[in-house]
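Coordinate-derived values only; no laboratory data. These numbers were taken from a predicted model, which means no experiment stands behind them. Positions of Cβ are generated from backbone atoms using ideal geometry, with glycine treated the same way; all protein chains shown enter the neighbour counts.
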Amino acid sequence: MKRLLLFTALAALVPAACTETYDYDAATAGDPEGTARPHGKTSSQFVRTAFADLLGRAPDSHTLSVRVNGQEVVSFQVDEERQLVGTLDGLGDSLPLRNLLVAGLLHSDEVTLPEKSAVADPRAFIRGQFTRLLGREPNAYELEAFAAEWAADPAVGPRTLIRAIVGSREYQSQ
Amino acid sequence: MATLSRRNFLRGGLAGLGALAAARVAAPLVKVKSASAAGPGKHVVVVGIGGGLRLRESLGMGEGATMPNLFGRSPLVTGFATGVQGGPNLAPEYPARRLVLPPVRATPLHTEGTLVTNLRYADGPPGHLQGHGCLLSGFYNQLENRADAHLPVPTIFELHRQATNAPATDAWYVSQVGGFYRALIASDAPGYGADFAGVYLQPPGAMQPLMPIIASGKRTIDLTPQNPGLPTIRANAAEDAAAQRLTSVLDGNSPRFAREDTTVHLSAADNAAVQQHLASIYSDASYDSFFPDAFGIGIADGNGGVDGTADAQTIFHAERVLAKFKPAVMAVTLLDVDVCHGDFNGYLQAQQLADACVAHLWDFIQSDPELRSSTTMIVLPEHGRHLFFNGNNPDSLQRSGIDHGQGDDGDRNVWMLALGPDVKKNQVIAPANVAQPGRSTNRYETIDAVMTAMSVLGHDGRMRTELEAEGARPGLVMGEVFA
């Protein structure tokens, strides 16, 4: 198995000689005039931010072990950020993949969210998530719109609310 | 349930590692007519066999019949081999991978269409990004290998979307290669750009089994008969729709992304459609939706399954996109043959895989009633390779790696195969009297293949205008291709 892993890893390096991307830092110099439109987070920025906001930790590198009927058949290192950036960059506008990643993270063992029925004050919960994820309170229009959806749609609960905010242009901006 | 998944998972894991690791035209002497194929409801698929594929090994069969599904077993150009050819001439000591390939077609595909055997990649560096930049725009270019380097003329995606007001999901670029190939989805051309970009998808990167595993937070995956499933990202259409609705509330109150942003930003509707497609893949606990054994092209995994090469994964997902979105424009980039830099025998095998992949794609198109009657497919190498070996990893047959990029005839002499309901059948041609100011060879060129493809959609006039505005020599429509 290690031989196979090595073979695959080496094989992947062959075309890299002439297809390697040079590093490009998309970070802008800011917006001194206050007129520039926002730039999107790079995949790396997004992964690190989402992990911090949703899991409370940075992406790490760990050993993934696969066992079949109790027997380990393979284990290998997984660099979470590198792996996820490579995945997200496989889509020109990676927002759909980012949204799926967030949906997965919010179902993970690492995240505990209250049930919708356990949220006594939806407006306070909405305000809290805006503040936590966007660094600001919702304006009156946003608060009303979110609260109305919370009341009307059974599919709108804590997880949906967080997914919506993280999927927004504001969150996705640098 | 599909087969577990141990096999599929391992394949996924391995693939994951891999992912870590894309008004000067005068009347020509040849009669160049407007395409008779143009019309509404048409589809065009341009397949670029990237990585550098020489005429000698492909049509010339100088190392055996490496592409029998496309070209059969008898050389289609002279000077390299004669008579009926067997399989690829691999060195006896070569530790050949066990390829999984479907049975070779009884009749080669070229008999179903028109093959131009003397196409010329006439200008610009024979490099991957530049070659594919040309295939996506009809413009010989010297793009820098940078993630933010855009073509100065509109791409085929932008031309189509601007002309038809179509959504991005009507124009796809499915590329085996990632990195700076993303930038090819939109140009810097005035009046075009990211607002008219298509959807860029790199299957070996985006279709990644490790993503749901990482998202699950699990560090150990225990697979048992009672628990045979692998981590997934659950599909929940109601939650997705609700989240998108709420996001639109926020987006309605925030400025759009900067036009000059490095990556494109598609509309909410386009992204919702793409997300729905991806969700169906990421929610499949068998992981077969990433790449199923049933695709039948790749490398034997030793357990009865098939590991998809990057080209095979790319074609598999191109077919999924065609099935779901039926886009008017799709470009596909393959690259497995680029292994030739250091592995000549691997290059021969990669040709077999590319050959099977292209044939599979065409058969898939033929299996769909709508696509069958409306799709033109153009297949061509992005460029060739040098006429000389580079000395890397020589084999016992005195062959070694071959590079590309210096621009000799090996680099520039290629071919084009056109297939489709409007394409003349069973035609092999090598026109040598094509005239145009600035055209040095009197042959058809790569830019003509692109212009011909665009003529099917009725965008050739617009492409010509935009190229001329940039001071470039536009391609010609190959009238002989159409019935």
>> Let me make sure I get this right: for the range B:279-347, a, b and c are the square roots of the gyration tensor eigenvalues over alpha carbons, sorted descending. Under 1.5 in a/c it's rounded, otherwise prolate if a/b > b/c, else oblate. Which is it?
In response: oblate
> Got the relative contact order for the range B:324-391 handy, in percent, Cα pairs under 8 Å and 6 or more residues apart?
Replying inline: 21
>> Straight-line reach from B:Lys218: which aspartates and glutamates fall under 13 Å, measuring Cα to Cα and dropping same-chain residues less than 8 apart?
In response: A:Asp60, A:Glu80, A:Asp109, A:Glu110
>> With just the Cα atoms defining each centre, how far is the range B:188-230 from the range B:305-382? Give it in Å.
In response: 20
> Percentage of Cα-Cα pair distances in chain B greater than 42 Å, rounded to whole percent?
Replying inline: 15
> Listing B:Phe71, B:Phe157, A:Phe46, B:Phe388 from the residue with the fewest other Cβ atoms within 10 Å to the one with the most, what is the order?
Replying inline: B:Phe388, A:Phe46, B:Phe71, B:Phe157
> Out of residues 5 or more away from A:His39 or on other chains, whose amide H comes under 5 Å of its own, with H placed 1.01 Å from N in the peptide plane?
Replying inline: A:Gln174, B:Ala258
> How big, on average over all directions, is the shadow cast by the Cα convex hull of the range A:28-156, in nm²?
Replying inline: 11.8
> How many percent of all Cα-Cα pairs in the range B:79-164 sit more than 18 Å apart?
Replying inline: 69
>> Return the Rg/Rh ratio of the range B:387-483 with Cα-based radii and a Kirkwood Rh.
In response: 1.09
>> Based on alpha-carbon centroids, what's the gap between the range A:40-94 and the range B:417-483 in Å, whole number please?
In response: 45
> So for the range B:217-305, what percent of the C-alpha to C-alpha distances run longer than 18 Å?
Replying inline: 65
> Roughly how large, in nm² to one decimal, is the mean projection of the convex hull of the alpha-carbon atoms in the protein assembly as shown?
Replying inline: 29.4
>> Ratio of alpha-carbon Rg to the 2.2 N^0.38 Å globular estimate for the range A:113-174, to two decimals, please.
In response: 1.04
> What does the charge add up to near B:Gln176, with Lys and Arg as +1, Asp and Glu as -1, over the other residues with Cβ less than 12 Å from its Cβ?
Replying inline: -4
> Which value in Å does the Kirkwood hydrodynamic radius of the range A:38-109 take, with 1/r averaged over all unlike C-alpha pairs and then inverted?
Replying inline: 13.5
> Per residue of B:217-230, what is the mean number of Cβ atoms on other protein chains within 10 angstrom of that residue's Cβ?
Replying inline: 4
>> I'd like to compare A:120-133, B:324-337: which one has the highest average count of other Cβ atoms within 10 Å, and what's the full order after that?
In response: B:324-337, A:120-133
>> Given an 8 Å cut-off on Cα distances and at least 6 residues of separation, report the relative contact order of the range A:38-109 as a percent.
In response: 28
> Using modelled backbone amide H atoms (1.01 Å from N, in-plane), which distant-in-sequence or interchain residues come within less than 5 Å of B:Val47's amide H?
Replying inline: B:Val332, B:Ile378, B:Val379, B:Leu380
>> Ignoring everything except DSSP H segments at least 4 long, calculate the 222 nm mean residue ellipticity for chain B; use -39,500 (n - 2.57) per segment, divide by total residues, nearest 500.
In response: -9000 deg cm²/dmol
>> For B:Glu93, project a label point 7 Å along Cα to C-beta. Then give me every residue of the range B:386-424 with its amide nitrogen under 11 Å of that point.
In response: B:394-398
